[in-house]
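K.L.:
Have a look at this one.
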Amino acid sequence: MIISRPQSGKVRTRRNLVMSFLVGLFLVAPWVVLPEGSPLIRLDIPKRMFHLFGGLFIPQEGLILWFFLLTMGLSLFFFTSVIGRVWCGWGCPQTIYTDLFDRIGRFVLDSKYGKKDASIIGKYTVYLLWIIVSFIASFHWIAYFVSPYEMLADYLNLSFLSTTYFYFTLFFTAAMFIDIGFIREQFCRYACPYARFQTLLMDEHSWNVTYDFKRGEPRRDGKTKIGDCIACNMCVVVCPTGIDIRDGLQVGCVACGKCVDACTSIMAKENKKTLIGYFSLKQIETGDKIKWVRPRTVVYAILLTVVLTGAAIQLMTRTPMSMIAASNKSMPPILIPDNKIRAFVALRIQNIAPVEKEFQLSAFDTRHGKEILIRSGEDNNQFKLGSGEIKSFSVVLETQSLTEQELNEGYLPGSIVLKNSQDPDEKLEKKLSLSLPRK
């Protein structure tokens with residue numbers, strides 16, 4: 001485990017602002033309840049309902065999930081190719097919480113933090129505070145799946161032992177304590193999949209934490225001044241993963257910028273510009289400006305734009321209701337007097353709007369343009385469903401009188417239409433093929 005030296009500077013100040021915002025957002029978001037009563041973010045897996053920023057989504061909406069995953073993947077490709085490992089250094093929980101754990105350690109042990117001669121009481125105080133932070137973070141992580149208000153009430157009433165989420169919280173608390181407290185940079189260097197393929201996404205024009213080897217090399221040897229690098233090794237001392245940025249881009253570099261601040265402060269004493277900063281490799285080699293627009297970034301940008309456009313269209317045209325219709329296999333359609341067909345259909349309807357709505361059912365013979373009588377047991381085939389509520393029931397369909405020729409067609413293409421009673425334009429249609437029994 002590496003305990004890096006703290007380092008102040010412009011990059012450190014900016015990272016503090018970004019990290020404070022992200023941690024605050026993470027802790028606050030699960031507690032926010034919108035005016036209509038739905039949570040801002042809740043991935044309710046047992047109920048198979050996902051509340052996201054005022055919208056209610058269900059697993060059957062696979063296309064939206066597909067767009068979401070594509071957006072995340074292409075965003076990773078695009079931003080990495082343009083600005084390097086900005087996620088690792090500025091937004092990754094591994095980096096953020098490692099920094100927070102270090103702050104706690106230094107607050108309690110001061111200069112003894114990370115040293116073998118630190119007091120036992122001080123060490124265990126640090127461990128206790130790390131466990132508390134891990135529990136708080138794990139509690140809020142689980143709060144994205146279970147109501148934090150219900151969890152808090154259970155904890156206050158000491159009735160949490162019979163709940164499933166409590167054991168998940170304990171697991172993530174232990175995992176976070178071990179990972180952030182002791183594994184740390186080993187995860188970034190050997191386990192993180194993003195670190196493995198970052199070099200495939202970046203090129204010589206990517207804007208990343210880079211060492212200016214043209215100015216710095218060869219390094220100072222004793223009192224002999226050759227390059228600008230004075231071989232102080234501060235960039236290594238402050239690195240949270242223990243790499244030497246002067247050796248070039250490495251898997252272990254998380255682009256946190258601590259070496260930038262360290263080199264800036266050292267070079268300022270020499271009245272020179274920093275040797276480590278956010279540059280591109282090509283910029284250092286040739287002195288040219290960064291080439292932001294290049295084939296790699298253009299392709300990623302086009303693909304990301306296409307996917308975002310498709311996602312926007314899908315969300316704007318989305319109908320906030322779900323219906324599954326299936327013919328009852330145990331009760332096939334039958335022929336009744338006046339050459340009418342009676343069929344039995346099982347329906348599963350769900351309101352995926354954030355508010356209660358009233359729905360109405362109707363059915364049609366799509367081949368001949370005739371209405372099909374539908375009996376659902378509800379007055380005028382109308383019923384109300386609350387947000388996320390599901391109604392499963394069977395309905396009876398009865399066609400109008402069919403001619404001999406229509407009866408011999410073998411099957412009858414029909415459709416069941418579910419409408420919002422308050423907004424008839426909001427409707428969902430499901431096709432249904434009814435087999436026609438012969439006389």
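The values are calculated or read from the model by the stated rules, or taken from the named source; none is laboratory data. Being a predicted model, the structure only gives us computed values, none of them experimental. All Cβ positions, even for glycine, are placed from backbone atoms using ideal geometry, and neighbour counts span all protein chains on display. The protein model used for the area step is the full one, side chains on, heavy atoms only, and it has no ligands, DNA or RNA in it. Shrake-Rupley method; radii C 1.70, N 1.55, O 1.52, S 1.80 Å.
K.L.:
Determine which member of the set Gly216, Gly277 is in contact (Cβ under 8 Å) with a residue 60 or more places away in the chain and among the small types (Gly, Ala, Ser).
P.N.:
The unique qualifying residue is Gly277.
K.L.:
Can you find even one residue in the stretch 41-59 that is surrounded by fewer than 19 Cβ atoms within 10 Å (Cβ to Cβ), within 20 Å of Gly181 (Cα to Cα) and basic (Lys, Arg)?
P.N.:
Looking for residues that are surrounded by fewer than 19 Cβ atoms within 10 Å (Cβ to Cβ), within 20 Å of Gly181 (Cα to Cα) and basic (Lys, Arg), one finds none in the stretch 41-59, hence no.
K.L.:
Another question about this same structure. Taking Leu22, is it modelled with pLDDT of 95 or more and in contact with a Gly (Cβ under 9 Å, 6 or more places away or on another chain)?
P.N.:
Taking the combined requirement at face value, the residue satisfies it.
K.L.:
Going residue by residue through the stretch 30-38, is there one that turns out to be closer than 15 Å to Pro148 by Cα, open to solvent by 30 Å² or more (accessible area, probe 1.4 Å) and free of Cβ contacts under 8 Å to residues at least 12 places away in the same chain?
P.N.:
Within the stretch 30-38, one or more residues are closer than 15 Å to Pro148 by Cα, open to solvent by 30 Å² or more (accessible area, probe 1.4 Å) and free of Cβ contacts under 8 Å to residues at least 12 places away in the same chain.
K.L.:
Take the residues of the stretch 160-171 that are open to solvent by 70 Å² or more (accessible area, probe 1.4 Å) and part of a helix (DSSP H, G or I): which is farthest from Pro93 (Cα to Cα)?
P.N.:
Ranking the qualifying residues of the stretch 160-171, first place goes to Thr164.
K.L.:
For Ile2, all conditions in the list (1) open to solvent by 60 Å² or more (accessible area, probe 1.4 Å); (2) among the aliphatic types (A, V, I, L, M); (3) assigned to a loop (DSSP other than H, G, I, E, B) hold save one; what is the number of the exception?
P.N.:
(1)
K.L.:
Now for a different question. Using beta carbons and a limit of 8 Å, which pairs, at least six apart or on different chains, have the first residue in the stretch 404-427 and surrounded by fewer than 11 Cβ atoms within 10 Å (Cβ to Cβ) and the second one part of a strand (DSSP E or B)?
P.N.:
Close Cβ pairs satisfying both conditions: Gly410/Ser435; Gln422/Lys357; Gln422/Glu358.
K.L.:
Among (1) in a strand (DSSP E or B); (2) over 29 Å from Leu432 (Cβ atoms), where does Glu371 come up short?
P.N.:
(2)
K.L.:
Let me ask something additional. In the stretch 374-393, which residue that is part of a strand (DSSP E or B) and of a type in the set (D, E, K, R) is least open to solvent (accessible area, probe 1.4 Å)?
P.N.:
Across the stretch 374-393, the extreme among qualifying residues is Lys391.
K.L.:
Could I ask something else about it? Could you run through the stretch 56-98 and say how many residues are free of Cβ contacts under 8 Å to residues at least 40 places away in the same chain, more than 30 Å from Val260 (Cα to Cα) and of a type in the set (A, V, I, L, M, F, W, C)?
P.N.:
Qualifying residue count, the stretch 56-98: 3.
K.L.:
Considering only residues of the stretch 196-221 that are in a loop (DSSP other than H, G, I, E, B) and open to solvent by less than 60 Å² (accessible area, probe 1.4 Å), which is modelled with the highest pLDDT?
P.N.:
Asp212
K.L.:
Out of all the residues in the stretch 139-159, which are surrounded by 14 or more Cβ atoms within 10 Å (Cβ to Cβ) and either in a loop (DSSP other than H, G, I, E, B) or small (Gly, Ala, Ser) (or both)?
P.N.:
Ala143, Tyr144, Phe145, Val146, Ser147, listed by residue number.
K.L.:
If the Cβ limit is 9 Å and pairs must be 6+ apart or interchain, which residue in the stretch 105-124 that is within 14 Å of Arg5 (Cα to Cα) and open to solvent by 100 Å² or more (accessible area, probe 1.4 Å) pairs with which residue that is aliphatic (A, V, I, L, M) and modelled with pLDDT of 95 or more?
P.N.:
If the second residue must be aliphatic (A, V, I, L, M) and modelled with pLDDT of 95 or more, the pairs left are Phe107/Val126; Phe107/Leu129.
K.L.:
Also, I was wondering about something else. Answer with yes or no whether Thr95 is modelled with pLDDT of 95 or more, open to solvent by less than 70 Å² (accessible area, probe 1.4 Å), outside any loop (DSSP other than H, G, I, E, B) and among the hydroxyl-bearing types (Ser, Thr, Tyr).
P.N.:
no
K.L.:
Provide a single number: the residues in the stretch 109-146 that are at pLDDT below 95 and among the polar types (S, T, N, Q).
P.N.:
Matching residues across the stretch 109-146 total 2.
K.L.:
Residue by residue through the stretch 245-280, note down the ones that are among the basic types (Lys, Arg) and either touching a helix residue (DSSP H, G or I) at 6+ places or on another chain (Cβ under 8 Å) or part of a loop (DSSP other than H, G, I, E, B) (or both).
P.N.:
Listed by number, the residues that qualify are Arg246, Lys258, Lys272, Lys273.
K.L.:
When residues of the stretch 333-368 are filtered for being open to solvent by 10 Å² or more (accessible area, probe 1.4 Å) and in a strand (DSSP E or B), how many remain?
P.N.:
Matching residues across the stretch 333-368 total 13.
K.L.:
Let me ask something else about it. Considering only the stretch 1-56, state which residues are under 30 Å from Thr98 (Cα atoms) and among the polar types (S, T, N, Q).
P.N.:
Across the stretch 1-56, the qualifying residues are Ser4, Gln7, Ser8, Thr13, Asn16, Ser20.
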